[in-house]
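One structure is given here, and the rest of the page talks about it.
Read-outs: derived from the displayed coordinates by stated rules, not from any lab. None of the values given here were measured: they were computed from a predicted structure. We place every Cβ from the backbone using ideal geometry, glycine too, and count neighbours over all the protein chains shown.
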Amino acid sequence: MIISVILIIALIYLLIGVLFVPFFYAKCIRHIDETAKGSSIGFYIIISPGVIVFWPVLLRKWRKALKEQAYE
Amino acid sequence: MSTAYSAVGWNRQKKIYDGWIAAFCISYLALFISLTLLFNSEATFETILIRSTSTLAVLLLHIILSIGPLTRLNKKFMPLLYNRRHLGVTMFSFSAVHGIFGIIQFHSLSNTNPLLSLFLSNTNYGSIPAFPFQALGFFALIIFFLMAITSHDFWLHNLSPIVWKTLHMFVYAAYILVVMHVMLGVIQYEKNPVFVLILFTGSASLIILHLLAGLKERKIDKMKFKLQEDGFVYVCEADEIEDSRAKIFCIDQERIAVYRHEQKLYAIHNVCKHQGGPLGEGKIVDGCITCPWHGYQYLPHNGQSPPPFKERVSTYDVRVNHNKVWLNPIAFAEGTEREGALL
């Protein structure tokens, strides 16, 4: 039972990550990492699994970057 | 170093490195499959696939974990370190093939979800010899997966070098899980002790290599610098430092690299901003101190990466008096220009 719940939570977490990927590339990445500008499509493909897994870190980083830019 | 990210940072050396990895893996698989067919003609395709990929992944893991201490013991192993990331991703790929086919073979034929079956088909969690070893392999695979998907400089920058390094240090936890996974698997399913003996030899070799490398580093860190003058400490004779090379000194728990370049000595912090590589073990290439790990570069006189790159390390004052090198261990701010000591 506990294992089923953990697996379902993990699945939901990863699904949110999948939904986050296009949003991240469209809105976030240019704010958090200047080096990503002009990067190849291969780069975006290769970092996608990481975006799916680490989406809360990137979301937090994006929000922080937005706040800093608004402050400036 | 580059101004925009690429999918894979290939250059000539990395292509050669990857070529050797591919040749080694193909040769190993061919040999393993041939020997299995020769001595065990009843083995199924799935069994051969699961066993060949698992043994290859374990072998690659031992090579990966040996590279760090080997390079600290002998600089000749440094080229192995240069593209260790690709070796790690290769190891994960074979582990994943082993894990996926293992789950398909042993857990996909019942009505239970295969992942649930992985944890529930054997519930002897209280027994050491009958412990469900497949669960241990699963957790090791998760660690390898997290390491593989973050094996890009984008993640190094965005997770921060400290978090990234910490995550990748979990390879040792994964190694312990792999050892237990293999040992318990052999105990529960095999009668031939050869796999246990091979793994025991591999583990013992890794432990010895890490101990030797640790002792060598400890020796450098424990060096005492007694002579002091105006905040400077005497570290060595000038001719002990080869041209375009450095010597590393650990003073007040900080490692400082003193480089010799164009008849001058320069001192910078020893830790590369990229992945914490030992800058003092590198050399000067095209006028820049070049990290031996991944080729990140810094100018000797100010510790800054050449434009347009922005990495910076601390610099230190160094002076030479009658061939004696004196170093001030108080760091200047990262990227501060120092004129160096004329020889």
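Could you work out the helix-only [θ] at 222 nm for chain B, with each DSSP H run of four or more residues adding -39,500 (n - 2.57) and the total divided by the number of residues, to the nearest 500 deg cm²/dmol?
-17000 deg cm²/dmol
Using only atoms on other chains, find how many Cβ atoms lie within 10 Å of each Cβ of peptide B:107-119 and report the average. Write out the running numbers ahead of the final one.
Numbers: counts 0, 0, 0, 0, 0, 0, 3, 0, 6, 3, 0, 1, 5.
Average neighbour count from other chains, rounded to a whole number: 1.
Using alpha-carbon positions, what is the distance between the centroids of the range B:281-302 and the range B:35-104, in Å?
Taking the Cα centre of each part, the range B:281-302 and the range B:35-104 sit 32 Å apart.
In what order do A:2, B:268, A:9 fall by count of nearby beta-carbon atoms within 10 Å, going from fewest to most?
A:2, A:9, B:268
In what sequence do A:21, B:258 fall when counting other Cβ within 10 Å, fewest first? If you can, show how the numbers build up before the last one.
On the way: A:21 16, B:258 25.
With the fewest neighbours first, A:21, B:258 line up as A:21, B:258.
Return one number: the angle in degrees, 0 to 90 and rounded to the nearest 10, between the long axis of the Cα atoms of helix B:12-39 and the longest principal axis of the Cα atoms of chain B.
30
Per Stokes-Einstein, at 25 °C and 0.890 mPa s, what whole-number D in µm² s⁻¹ belongs to the protein assembly as shown, with the Kirkwood radius over Cα pairs as the hydrodynamic radius?
Working: Rh = 24.5 Å.
Once the numbers are plugged in, D ends up at 100 µm²/s.
Counting other Cβ atoms within 10 Å of each Cβ, which trypsin sites (Lys or Arg not before Pro) in the range A:3-72 have at most 16 and sit in a DSSP loop?
A:37
Taking θ = phi - 60°, what integer Hz values does the Karplus form 6.51 cos²θ - 1.76 cosθ + 1.60 yield along the range B:334-343, in sequence order, with x for Gly and Pro?
3, x, 6, 6, 10, 7, x, 10, 6, 8
Can you give me the long-range amide H partners of residue B:324? Hydrogens built in the peptide plane at 1.01 Å from N, cutoff under 5 Å, separation of 5 or more residues or another chain.
Here B:238 satisfy the definition.
Can you tell me the order of B:66-79, B:219-232 when each peptide is scored by its average per-residue count of other Cβ atoms within 10 angstrom, highest first?
Highest to lowest by the protection proxy: B:66-79, B:219-232.
Other chains' Cβ within 10 Å of B:152-160 residues: what's the mean?
Mean partner shielding for this stretch: 5.
Considering the alpha-carbon set of the range B:1-156 alone, what are its Rg and its Dmax in angstrom?
Spelled out, the Cα radius of gyration and Dmax of the range B:1-156 are 18.4, 55 Å.
Using alpha carbons only, how many degrees (0 to 90, rounded to 10) separate the axis of helix B:194-221 from the longest principal axis of chain B?
Tilt of helix B:194-221: around 10 degrees.
Which cysteines does the protein assembly as shown leave without a neighbouring Cys Cβ under 4.7 Å?
A:28, B:25, B:236, B:250, B:288
Exceeding 31 Å between C-alpha atoms, which entries from my cross-link table qualify? They are A:64/B:222; A:67/B:15; A:64/B:15; A:27/B:310; A:37/B:76.
Details: A:64/B:222 42 Å; A:67/B:15 42 Å; A:64/B:15 38 Å; A:27/B:310 25 Å; A:37/B:76 37 Å.
Where the Cα-Cα span goes over 31 Å, the pairs concerned are A:64/B:222; A:67/B:15; A:64/B:15; A:37/B:76.
Within 10 Å of each Cβ in peptide A:4-17, how many partner chain Cβ atoms are there on average? Round it to a whole number, please.
Numbers: counts 5, 0, 2, 4, 0, 0, 1, 1, 0, 0, 0, 0, 0, 0.
Per residue, the average neighbour count from other chains is 1.
Do any chymotrypsin sites (Phe, Trp or Tyr not before Pro) in the range B:302-343 lie in a loop, going by DSSP, with at most 10 other beta-carbon atoms within 10 Å of their beta carbon, and if so which?
Nothing satisfies the criteria.
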